[in-house]
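Chemist: One structure coming up, written as structure tokens, with questions to follow.
What follows is calculated from the coordinates using simple rules that are stated; it is not laboratory data. Here the structure is a predicted model, which is why all the values come from computation and not from measurement. Reconstructed Cβ throughout: ideal geometry from the backbone, glycine too, with neighbour counts over all protein chains shown.
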Amino acid sequence: MGLEYLEGFEDAATAQTLAREIGTLAAKRPQTRLMHLCGSHEQAINENTLRQLLPDSVEIVPGPGCPVCVCPVEDIDLAVTLAREPGVTLLTFGDMIRVPGTVESLAQARKEGASVQVIYSPLDAIAKAKEAPEQQFVFFSVGFETTVAGVAGLAAAKLPGNLTFLMANRYMPPVLRLLMEIHDQSIQGFLLPGHAAIITGLEPYRFMETEYKLPCAVAGFEPVDVLYGILGLMRQIDQGQAKVENLFKRLAKDEGNQAAWGLINRVFELGPGIWRGIDKIPGSAFRLKADYAHLDALKRFAARPAYAPRAHPPGCQCHRIMLGEKRPTDCAHFKKGCTPNNPLGPCMVSVEGTCYSWFRFSGL
Amino acid sequence: MEISGKILGPLGHLHFDAFNGAMDLEHCQRLLTAYQELAETPQVKVILLWGGEDFFSNGIDLVSIDQQYNPAILAYKNLRGLNGLIRAILSTPDKLVLAALGGPAAAGGVMLALACDLRYARAGLVLNPHYVNMGLSGSEFFSLLLPRAVGQGWAEKLLYEAQPISAELACRIGLLHGEIDGASFEKEITERAAFLAENNLQARLATKRLLNRGLLERLDEAEQAELRAMKDCCNEPEFNEARRAFIKKEASPQFANIATKGPRGT
């Protein structure tokens, strides 16, 4: 039985053992660059100082896996506009209210009277809507496959008529394809997000085996999970393999959660979606299907931003950081004009954002 | 976006017409497929790249790039697409490849011609073998191909000064191998290609392999370095401003004058 089943995923001794094995394999080649696709991986790496456990020749590059960071500024501007509508309350998760929009964030709009409330679960949206039936509520939904499963459950349930959705949820595999299309040959393997794979299983990532032939490993989020994923990739590289491997079997099944994925597909279809500053990526946005169109806030409300969107202020490198082309320390704003108290770009807002995580944990 | 390949005797003719000479990603991919078909045909001894009617090629398509949510991403994909074609041409050991420039060429279009073993142009046309006016450092293996053809000094002049040059000057510095009068352009080039195909071809191919020795090994490194720099350039305001200005000018008579004749319309 592999380590992926073990419960010692927080065990320091196990982490040290894995780090040594990684070091042994790393010594066989001059450099190894691996990328992860998940803000939670970056958070786990920084919180647990995992980079310091790895040899200098192993670089873990943060990818576009922070849901708050990739949320399009177009949708934030829409959310701000709807929140300013009389009789409308915008509901969203905590990090989202501080993400800079083109003109203002939801938090700034709230200071000026816009109605914005933070919720902690999609279920809270129902409770809020039932408490104030005379008010319209818009749930601004962001996140990846895991979050959208909860939203699908909500949408499929009997909802109060005064609750609609502003959907900014994104689907992971297409951004991996984009990364491969602009791949500069320097990345040798990908850590895949464990929680997204819990829903979808491995199948949506199989193109990495057949088309691009690059090692991938589904990894969890405890320190040992992450190191185990890295070791799995190092082993594949060492053996010249290019598999999509599940190294998070204690929670993720190879076939995923068919019930949850089925529900998602009942409620949503995939269409082109903007990833903030990165690109408009085909098949990467969860959109309500026609049967659920009555839940679409954009169909219920006509208000639209009166200004053109701007993804980043000049000089902000967030989009390039999310693509692995730059590090936070390459950005002239990092720790100067851009801090968690005054974020200029989206990556400095959330604990899953690379800039925030480096600011908070790396001691740079 | 017409692409047509035709085999006549030992000659493989490839015509590729792109609007304003701008080769978008799909065009590059289709052109690569068409080229590979000729390159894999044993009967074909010499491949002729004819370009389009109005332009040989002006490299990547800045208009489609400008319309993209993130122009830098499509620019990068487009550059890689064109690089794939150039790499295929440079990796054809068993055939001679001729560039027949019936119209002007710029940037990656010039490098496409430079990937060919011999390069002939219709008399009087103008080339723009540079990138900086578009806010770009350079791509399509320019860092190997241009100095190889014209020497480091001329490469510096052409790239930094970024002025149009005449076919006549291009011939003098080794960028082109001949200017041919318009009336006899197709006929003359076809006859030259047939001669090459039918006379001492194996010796010519052996010479080609010796001349290209070492070049193929350096392609990966050059491509990665060029694309890294291009990625940075594509994310700078200079590229956005230059691209938008170029697109606006494209429709104007002044630009057409510059593109086809020279900076002073001569």
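Chemist: Quote the relative contact order of chain B in percent (integer), defining contacts as alpha-carbon pairs under 8 Å separated by 6+ residues. Could the numbers behind the result be given before it?
Modeler: Values: 474 pairs, mean separation 50.3, N = 266.
Value for chain B: 19 percent.
Chemist: Something else about it: Just want to confirm a number: the relative contact order over region B:1-154, from Cα pairs under 8 angstrom separated by 6+ residues, in percent.
Modeler: On the way: 295 pairs, mean separation 33.1, N = 154.
RCO, region B:1-154: 21 percent.
Chemist: I'd like the distance separating the alpha-carbon centroids of region B:57-80 and region A:338-364, in whole Å.
Modeler: So the separation of the two Cα centres works out to 31 Å.
Chemist: Further question: Can you compute 3J(HN,Hα) from phi for each residue in region A:224-234, using the Karplus curve 6.51 cos²θ - 1.76 cosθ + 1.60 with θ = phi - 60°, rounded to whole Hz and x for Gly and Pro?
Modeler: Running phi through 6.51 cos²θ - 1.76 cosθ + 1.60 with θ = phi - 60° gives 5, 4, 5, 5, 5, x, 4, 4, x, 5, 4 Hz.
Chemist: Same structure again: Relative contact order for chain A: what percent, with Cα pairs under 8 Å and sequence separation of 6 or more? Don't jump to the answer; show the numbers that get you there.
Modeler: On the way: 726 pairs, mean separation 83.2, N = 364.
In percent, rounded to a whole number, it is 23.
Chemist: Another question, if that's okay. Compute the acute angle (0 to 90°) between the alpha-carbon long axis of helix A:12-26 and the principal axis of greatest extent of the alpha-carbon atoms of chain A; round to the nearest 10°.
Modeler: Once rounded, the angle reads 70 degrees.
Chemist: What Cys residues in chain A have no fellow cysteine's beta-carbon under 4.7 angstrom?
Modeler: So far as the 4.7 Å Cβ criterion goes, A:Cys38, A:Cys71, A:Cys216, A:Cys316, A:Cys331, A:Cys338 stand without a partner in chain A.
Chemist: Using the Cα atoms of region A:46-164 to build a convex hull, what is its mean projected area in square nanometres?
Modeler: Working: hull surface 37.2 nm².
Directional mean of the projected Cα hull area for region A:46-164 stands at 9.3 nm².
Chemist: Something else: Starting from region A:23-118, pick out the GluC sites (Glu not before Pro) whose DSSP state is loop and whose Cβ has at most 14 other Cβ atoms within 10 Å.
Modeler: Working: sites: A:Glu42, A:Glu47, A:Glu59, A:Glu74, A:Glu104, A:Glu112; in loops: A:Glu104, A:Glu112.
The qualifying sites are A:Glu112.
Chemist: In what order do B:Leu196, A:Leu37, B:Leu219 fall by count of nearby beta-carbon atoms within 10 Å, going from fewest to most?
Modeler: On the way: B:Leu196 19, A:Leu37 26, B:Leu219 16.
Result, fewest neighbours first: B:Leu219, B:Leu196, A:Leu37.
Chemist: By its C-alpha gyration tensor, with a ≥ b ≥ c as the square roots of the eigenvalues, how is region B:80-221 shaped: rounded for a/c under 1.5, else prolate for a/b larger than b/c, else oblate? List each step's numbers first, then the result.
Modeler: Details: a/c = 1.90, a/b = 1.15, b/c = 1.65.
It comes out oblate by the Cα gyration axes.
Chemist: Spelling out what I want: for every residue of region B:160-169, take phi, set θ = phi - 60°, compute 6.51 cos²θ - 1.76 cosθ + 1.60 (Karplus), and round to whole Hz; glycine and proline get x.
Modeler: Listing the rounded values in order: 7, 6, 6, 10, x, 10, 7, 4, 4, 5 Hz.
Chemist: State the Cα centre-to-centre distance between region A:9-37 and region A:68-147 in whole Å.
Modeler: Computed from Cα coordinates, the inter-centre distance equals 40 Å.
Chemist: How many percent of all Cα-Cα pairs in region A:118-253 sit more than 27 Å apart? It would help to have the intermediate numbers written out before the result.
Modeler: Details: 3278 of 9180 pairs.
Everything past 27 Å amounts to 36 percent.
Chemist: Something else about it: In peptide B:62-75, how many Cβ atoms from other protein chains are near each Cβ within 10 Å, on average? Intermediate results must be reported in sequence, preceding the final value.
Modeler: Working: counts 0, 0, 0, 0, 0, 0, 2, 11, 10, 1, 8, 9, 3, 1.
Per residue, the number of nearby Cβ atoms from other chains is 3 on average.
Chemist: With the Cα gyration tensor of region A:140-210 in hand, convert its eigenvalues to equivalent ellipsoid semi-axes via √(5λ) and list them largest first in whole Å.
Modeler: Values: eigenvalues 196, 34, 14 Å².
Three semi-axes, in Å: 31, 13, 8.
Chemist: Let me ask you something else. Summing -39500 (n - 2.57) over the DSSP H runs of n ≥ 4 in the protein assembly as shown and dividing by its residue number, what mean residue ellipticity at 222 nm do you reach, to the nearest 500 deg cm²/dmol?
Modeler: Values: 26 runs with 267 residues, N = 630.
Roughly -12500 deg cm²/dmol at 222 nm, from the helical runs in the protein assembly as shown.
Chemist: I would also like to ask the following. Using only the Cα atoms of the protein assembly as shown, what semi-axes does the equivalent ellipsoid have when each is the square root of 5 times a gyration tensor eigenvalue? Give whole Å, largest first. Intermediate values should be presented prior to the final figure.
Modeler: Details: eigenvalues 505, 177, 98 Å².
Equivalent-ellipsoid dimensions as semi-axes: 50, 30, 22 Å.
Chemist: Under a 5 Å amide H to amide H cut-off, with H placed in plane at 1.01 Å, what residues pair with B:Tyr69 once short-range neighbours are removed?
Modeler: Residues meeting the criterion, in which the H sits 1.01 Å from N, are A:Lys280.
Chemist: List the residues whose amide H sits under 5 Å from the amide H of A:Val116, counting only those 5 or more places along or on another chain, with H placed 1.01 Å from N in the peptide plane.
Modeler: A:Leu90
Chemist: Amide H of A:Tyr171 versus every other amide H placed in the peptide plane: which residues, excluding those fewer than 5 positions away on the same chain, fall under 5 Å?
Modeler: Amide H neighbours of A:Tyr171, under 5 Å, 5+ apart: A:Ala285, A:Phe286.
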